[in-house]
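Every read-out reported here was derived from the displayed coordinates using simple, explicitly stated rules and does not represent laboratory data. Worth saying up front: this structure is predicted, and the values here are computed from it rather than measured. All Cβ positions, even for glycine, are placed from backbone atoms using ideal geometry, and neighbour counts span all protein chains on display.
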Amino acid sequence: MNSGNLGKFLSELKRRNVYKVAVAYAVAGWALAQGIAQVFPVFGIPNWIVQLIVLLIVIGFPIALVLAWAFELTGEGLKRTEDADRARPREKSRAWIYVAVIGAALAIGLFFFGRYTAGTAQHAGLDTSVKSIAVLPFENLSDDKQNTYFADGVQDQILTNLARVSDLRVISHTTVRQYKSGEPRNLREIGRQLGVTHILEGSVQRAGDRLRIAAQLIDARTDSQVWAETYDRTAADLFAIQTDLAESIVAQLQTKLSPKQKAEIEQRPTQDLVAFELYLRAKQIVDSYLIADDVRAALVSALQSLDQAIKRDPNFVSAYCYIARANDLLYFFDLDPTPDRILLAEAAVKAALRLRPDSAEAHFAMADFLFRCHRDYDGALKELAIARPGLPNDAAFFILSGYINRRRNNWGQAERDFSNAVALDPRNPNAYNLLADTYNLQRRHLLAAEVYDRVVAAGERTPIVFFRKGSAIFNGTGNSTELRDVLAENPEMDVGGAQTPVR
């Protein structure tokens, strides 16, 4: 093709609006692809559907150019370009431009909507359509301060009962423990930090065989009391009180409670209050093993309490589950990687399943055992699938699922799992570090920095959080200012020996 013919061809492309359609389609197609890539995962739509739509957008580009060459959109509808030229030889229609601009604007709007929802819903794991609550530690009003564990147990069991309700988002134990009882609380600020609409707080007073539990439900948006109740009963009625309290809150929040969930809430964990207190002490240790000065000693101590608990009540399913988990952790982290640990964990989880074959907690314990002791990912995922309906608000469930999916190279699902864990337990370092590390491993360092921004917004102020945020910014941009400032402000910080080489 000589220069004269090329010039005519290019002029014809311009006359037929092909250039305008090409630019508009490229802009709109790019924005639409970005938008669906952000929005679709929030609603659990598989990645292959996103990939298919992007492929169709690419295939549609040459088709759009051919149509732009052959046809023109006029006030009388779609016409062949030659017919449109004869109808109005002196004035070309601008309809293509208007359609392209509107389409591009809609697509760009979807893109920014996707960025917003990804930042608030997917990355934070937050579902604003679900009613939400944080159960803060109850204050111990007993003369005997040793009853602090008992007060913690009351709060813990109420939280556990509410967490079974799939229509309710319940903040997990690790985070709510940060808001200690007996200290001034700004409930509006706590609600904002945790992203919840309601807060439950209360007190426990125990004197001999008598028990008084007071609770109040607060609307965190207005700091107004929604409901309050005081229970004066015997200590033997503890579990009945906890069940009544949880069901009253469900009714106040007008959430749905299935017959199975109701039955699980009414299921007593044990008939022995001493065994229950032993279990609570151990549970708190196992759940917070990350902050223990000596992890091995802490887990061994927890196992001693749990062994005493099951001696008092051989049918205590939850105690068996935590025995399995403590042994799993000792083996997994090479704190005692012996065959005996595997056998002890296996015996405990099998005992739990034998006692309650339909227990979601027991199936989760089996999944944890298969993952940590045998690296059996397929088997663990099958157990998690069984457990999932019964553990809608369990951060540990999503952490384990994320671990497995990341190891299986299923990065998108791992992100969603860890995001859910962070939404349920925003001040759990295991949850937010795993989500941030998942982004860092994919070289998406600025998303990792955003995770730590949300952790700080949730009230966390430990120096290591600011260090990890500064590291993510440095890795993503090369800007070392924030990282240098954190190191200068905390000259003694050297968690796990990580800060010295960075300096």
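Numbers below:
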read-out: Members of LYS262/LYS382; LYS180/LYS283; LYS256/LYS382; LYS131/LYS262; LYS180/LYS311; LYS131/LYS256 lying beyond 20 Å, as alpha-carbon distances in this model show; value: LYS262/LYS382; LYS256/LYS382; LYS180/LYS311
read-out: Rotationally averaged projected area of the stretch 138-254 (alpha carbon convex hull; nm²); value: 6.9
read-out: Global form of the stretch 293-407, assessed from the alpha-carbon gyration tensor, a/c cut-off 1.5; value: oblate
read-out: Protection proxy ranking, peptides 412-421, 235-244, 199-208, average beta carbon neighbours within 10 Å, highest first; value: 412-421, 199-208, 235-244
read-out: Order by protection proxy (mean Cβ within 10 Å, highest first), peptides 226-232, 438-444; value: 438-444, 226-232
read-out: Estimated dipole of the stretch 222-359 in Debye, rounded to 20 [Cβ of Lys and Arg +1, of Asp and Glu -1, Cα centre]; value: 440
read-out: The stretch 426-434 - phi-based ³J(HN,Hα) in whole Hz, Karplus 6.51/-1.76/1.60, Gly and Pro as x; value: x, 10, 8, x, 5, 6, 6, 5, 5
read-out: Two-decimal Rg/Rh across the stretch 400-503, once Rg and the Kirkwood Rh are taken from alpha-carbon atoms; value: 0.98
read-out: Peptides ranked, highest mean first, by Cβ atoms within 10 Å: ranges 346-354, 159-167, 178-186; value: 159-167, 346-354, 178-186
read-out: Cα gyration tensor shape of the stretch 233-273, rounded if a/c is under 1.5, else prolate or oblate by comparing a/b with b/c; value: oblate
